[in-house]
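Report on the following structure.
Read-outs throughout are calculated quantities, based only on the coordinates presented, and are distinct from any laboratory measurement. What you see is a predicted model, and the numbers here were worked out from it, not measured in a lab. As a convention, Cβ positions derive from the backbone with ideal geometry for all residues, glycine included, and neighbour counts pool all protein chains shown.
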């Protein structure tokens, strides 16, 4: 969930707040993550022109509850809904409304679930029917940026390696990176340390260790980062 704003923390302070999870804990986090992934797969069939945005939220809530889990976003910091739904030029934080989807839009859906005290968090962007070539490129570049970031997420690398991989690919393709909002650690809280910016320099920041669980969340824009 990308309510997580970048904060200034000293490296030592951030290190103290990072959790190294056991194999059993990672299994529990993975179970919550799978529920979230399955929720977004389930919603895909409903993303079409004329679909009510608020109905997507209701469908997601019912699906998550049917798996024995709880919608993680609902009530978090006062947020009223199960999903964050952002359309076209809205980056994040969209509250589901009675708006109807239109052909040619991009809809970003961010979803979280909590099961047995462990959290999952996942976002996907969907095309509403046919979209322009420019929007298709934006989706493709963002997806590839994510893959490149994930490839760098391994023990011995640094948080900066993840951000550098994402930023480099996005900017090489003429896009920019949102700086104010970042990825984050996840586990027994929805948002944990370390912060995972989508930009940065190689070999900089927190060193990654086995057992750290993180959410990598590329936010890629047309035009300038501002």
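Which one of 131, 64, 47 has the biggest mean-square fluctuation once the chain is modelled by GNM with Cα springs under 10 Å? Of the options given, 131 has the highest mean-square fluctuation.
Shape index of segment 14-107: Rg/Rh, with Rg the Cα radius of gyration and Rh the Kirkwood radius from the inverse mean 1/r over Cα pairs, equals 1.05. Look at the alpha carbon pairs under 8 Å that are at least 6 residues apart: their mean separation over the length of segment 11-221 gives a relative contact order of 22 percent. Residues within the reach of a label modelled at residue 204 (point 7 angstrom out along Cα to beta-carbon, backbone nitrogen below 17 Å), restricted to segment 172-190, are 172, 177-183.
From its DSSP helices (H runs of at least four residues, each -39,500 (n - 2.57)), the chain gives a residue-normalised ellipticity at 222 nm of -11000 deg cm²/dmol. When the Gaussian network model of the chain links Cα atoms closer than 10 Å, the mean-square fluctuations of 77, 212, 17 top out at 77. Stokes-Einstein diffusion for segment 112-168 at 25 °C, viscosity 0.890 mPa s, with a Kirkwood radius from C-alpha pairs, works out to 180 µm²/s.
The value of relative contact order for segment 112-226, using C-alpha pairs under 8 Å at least six residues apart, is 31 percent. The calculated FRET efficiency for the pair residue 45 and residue 222, based on their C-beta separation and a Förster distance of 45 Å, comes to about 0.95.
Length gained on full extension, residue 65 to residue 27, computed as 0.36 nm times the residue gap minus the Cα-Cα distance: 11.7 nm.
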